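Participant: Dropping the structure in here first, questions after.
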Amino acid sequence: MKNKQKAKFSFGAYLSFFTRFPIPWWLFLLSLLLGFANTEVVLAVSNYLIRINKGELYNGVIIGYALMNVFNALLSMLINLTGGYGSALVTLRARKLLWRKILHLPMREVERRQPSALISGLVNDITQASLVVQMAFNTIVSLYSFFRCCWEMYRFDGTLSLYMLLLLPIAVLVFALVGHLQYQMMLRRYDSLNVMTTFFSEHISAAKHVKAQAMEDLEVTEGLKAIDSRYKADLYYAFMVAVQMLSNSLYNTIGTIVIALCGSDLIRQGKMPETGINDFSTYKGRVDQYTAEVLTHYQTLKGTQGALQYVGVLLDGPEEDPQAGDPLPDKQTAQDIRLERVSFGYIPQQPVLHDLSFTIPHGKVTAIIGNNGSGKSTLLKLLQGIYAPDSGRIWLGSTPVDESKPCELRRQFGYILQNNPLFSGSVRDNIAYGETGSADQRRVEQAARLADADSFIRQLPNGYDTDVGAAGALLSGGQRQRIAIARALYIRPAYLLMDEAGASLDHRSDAAIFRTVREELKGHTIIVVAHDMRTVMDADLIVVLNHGELEATGTHDELLAASPTYRDYLKKQGFALPGEEAAK
């Protein structure tokens, strides 16, 4: 997979990444102009320093030297402020771009990439975007400063300057090699960071399950492996930094030796004053400074290319447009749901659903039963267009689900799972989640009453304003489930999907809530996935799946005659079949 990503994210794609969001060019241009001005100030400081070293301790020289240093400090502060502000805006806008992309990824793509890896890309990798823009402008300033200092150095002594410039190709060659290795180093560091973030975000969120299975020691071992991968990448990074420092040191040492040898020869020939070596070294120091800056910027840019590779591949990947497609009829208009030879598998070679064809009637209660892994929950996701069938088609009335607007389609469905995610915030916020305007308190309370949640909510410290905690951690499982049911009922959906919605509730509460929901949503379509046959038997239509295939559809009485699986479920839950009652 990594090899494929490397091939996809070319250098052209790397550059095009920065055309996807607005960059505050004016801030970076201002920083660029300030950088040019600061170069002139730095040269002025060098000139004053040379005069001071020669013994020209006049008031004008000392005052000029002090003022230039103050200007240098002020300009450096302004450069940091404008560059820092611009970088923060780039990170902000790039992160918003990636967040929108993640939210519009097809569900299969989210699951393939894993949410924790997406989090790492959003939190860690994307920060390199600002570094690229800043380094690009810094490189321009450093190049300008390099050539200006070379010119001043040449003006001071052309012969010695030419010797210095002959060393430049060596520096470029060494730093280009280090830059290439820097790309590999940053790619390795960010890969290891993604591995570590993925592991810990998954396993820390499952801490209760780890403790329940007494798996702490094993998880410690696995976590240490993830930490070790980052440790090795950091060692590689430290090695590359050491190589870079060694390269700088060797280059500077060679330059010092050349200046000493050639400069002393020029002094003996009377072509350079006795203080010439020191004076020339002042300019040489500035040239070395800006040479190192240019090459370091190059290395940094190569490193960011490795860090942004995952983000670039992600942004170039598939995207789901919630507004694309045909509008649906008004949700109050009753529509049958019809499946035509629908097949689906999370892995193409391993289908979960096989060639399903049946109709879910509008305004009725349809129950779906089947063994574990038969595709009951998957079917509910297909109805909402969260997944697309591998073959076949699903129709909502006369509109194909795959051609309808996803935003309109999904707003017609209320969806209650066995384990429903809640979000940090108040009880009210969670019940009214999906409301595009402000929450209607009357509707919030009505939905809570239908879900048998109003009484316990009012007993919470702040009632409907009580914070539920991250993922509803401050509530019990039953309380979370009731709030999730209220959330689905708040929007009064045309189609209510209940996937083991009563699994966290006792049977009496589950049955009472289901009766209330049926009465309140009379005339709406309710689709129930359940194992409790007491709920199933009362449905208007029952769909029996057997290993992903449709075994039978019909009422309770019809399935007693037509479906061995249905009869088997009844037997397992202690229900006597008609023939068995007669025999007794």
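Each reported figure results from applying straightforward, stated rules to the coordinates on display, with no laboratory input. As the structure is a prediction and not an experimental result, all values here were calculated from the model. Here the Cβ positions follow ideal geometry from the backbone for every residue, glycine too, while neighbour counts run over all protein chains shown.
Participant: Quickly work out the Phe239-to-Asp557 label distance, labels modelled 7 Å from Cα along the C-beta direction, and quote it in nm with one decimal.
Facilitator: 7.9
Participant: Which residues among segment 515-530 fall inside the zone where the amide N is under 19 Å from a point 7 Å beyond the Cα of Arg442, along Cα→Cβ?
Facilitator: Answer for this model: 520-521.
Participant: Could you tell me what percent of the DSSP beta bridges with both partners in the chain are antiparallel, to the nearest 5?
Facilitator: 50
Participant: Along segment 70-83, what does the Karplus equation 6.51 cos²θ - 1.76 cosθ + 1.60 (θ = phi - 60°) give for ³J(HN,Hα), rounded to whole Hz, x for Gly and Pro?
Facilitator: Calculated HN-Hα couplings, in order: 5, 4, 4, 5, 5, 5, 4, 5, 5, 4, 5, 5, 5, x Hz.
Participant: Each residue of segment 410-419 in order: what ³J(HN,Hα) in whole Hz does its phi give by Karplus 6.51 cos²θ - 1.76 cosθ + 1.60, θ = phi - 60°, with x for Gly and Pro?
Facilitator: Calculated HN-Hα couplings, in order: 6, 6, 7, 10, x, 10, 10, 9, 5, 10 Hz.
Participant: Among the aspartates and glutamates, which fall within straight-line cross-link reach of Lys284, defined as a Cα-Cα distance under 12 Å, with same-chain neighbours fewer than 8 residues apart omitted?
Facilitator: Lys284 reaches Glu152, Asp157.
Participant: A follow-up question, please. On a C-alpha basis, how far is the centre of segment 18-71 from the centre of segment 375-415 in Å? Whole number, if you could?
Facilitator: Centre-to-centre (Cα) distance: 64 Å.
Participant: Kindly provide the helix-only [θ] at 222 nm of the chain, computed as the sum of -39,500 (n - 2.57) over DSSP H runs of four or more divided by all residues, to the nearest 500 deg cm²/dmol?
Facilitator: Result for the chain, helices only: -21000 deg cm²/dmol.
Participant: In what order do Ser281, Ser424 fall by count of nearby beta-carbon atoms within 10 Å, going from fewest to most?
Facilitator: Details: Ser281 18, Ser424 14.
Fewest to most other Cβ atoms nearby, the residues stand as Ser424, Ser281.
Participant: Mind listing the long-range amide H neighbours of Tyr415? Cut-off is under 5 Å, sequence gap 5 or more, other chains count too, H placed in the peptide plane at 1.01 Å from N.
Facilitator: Correct list: Leu497.
Participant: Using θ = phi - 60° and the Karplus form 6.51 cos²θ - 1.76 cosθ + 1.60, what ³J(HN,Hα) does each residue of segment 522-534 get, whole Hz, x for Gly and Pro?
Facilitator: Karplus-based 3J(HN,Hα) across segment 522-534 equals 4, x, 8, 8, 10, 10, 10, 9, 8, 9, 6, 5, 5 Hz.
Participant: Right, something else. Could you tell me which of the pairs Lys96/Lys381; Lys101/Lys211; Lys302/Lys405; Lys211/Lys405 are separated by over 32 angstrom between their Cα atoms in the structure shown?
Facilitator: Over 32 Å Cα-Cα: Lys101/Lys211; Lys302/Lys405; Lys211/Lys405.
Participant: What is the fewest-to-most order of Ile485, Ile50, Ile119 by other Cβ atoms lying within 10 Å of their Cβ?
Facilitator: Fewest to most other Cβ atoms nearby, the residues stand as Ile119, Ile50, Ile485.
Participant: Related question: For segment 124-163 and segment 249-282, what is the centre-to-centre distance using only Cα atoms, to the nearest Å?
Facilitator: The distance from the Cα centre of segment 124-163 to that of segment 249-282 comes to 23 Å.
Participant: Can you list the residues, at least 5 places off or on another chain, whose amide H is less than 5 Å from the amide H of Ile368, using H built in the peptide plane?
Facilitator: Amide H neighbours of Ile368, under 5 Å, 5+ apart: Val528, Val529, Ala530, Val543.
Participant: Once you treat every alpha carbon in the chain as an equal point and sum by Debye, what is log10 I(q)/I(0) at q = 0.05, 0.09, 0.10 Å⁻¹?
Facilitator: -0.38, -0.87, -0.98
Participant: Could you order peptides 552-563, 309-320, 216-227 by the average number of other Cβ atoms within 10 Å of their residues, highest first?
Facilitator: Order by mean packing, descending: 309-320, 552-563, 216-227.
Participant: How about Lys571: which aspartates and glutamates have a C-alpha closer than 13 Å to its C-alpha, ignoring those fewer than 8 places off in the same chain?
Facilitator: Within the straight-line limit of under 13 Å, Lys571 reaches these aspartates and glutamates: Asp532, Glu580, Glu581.
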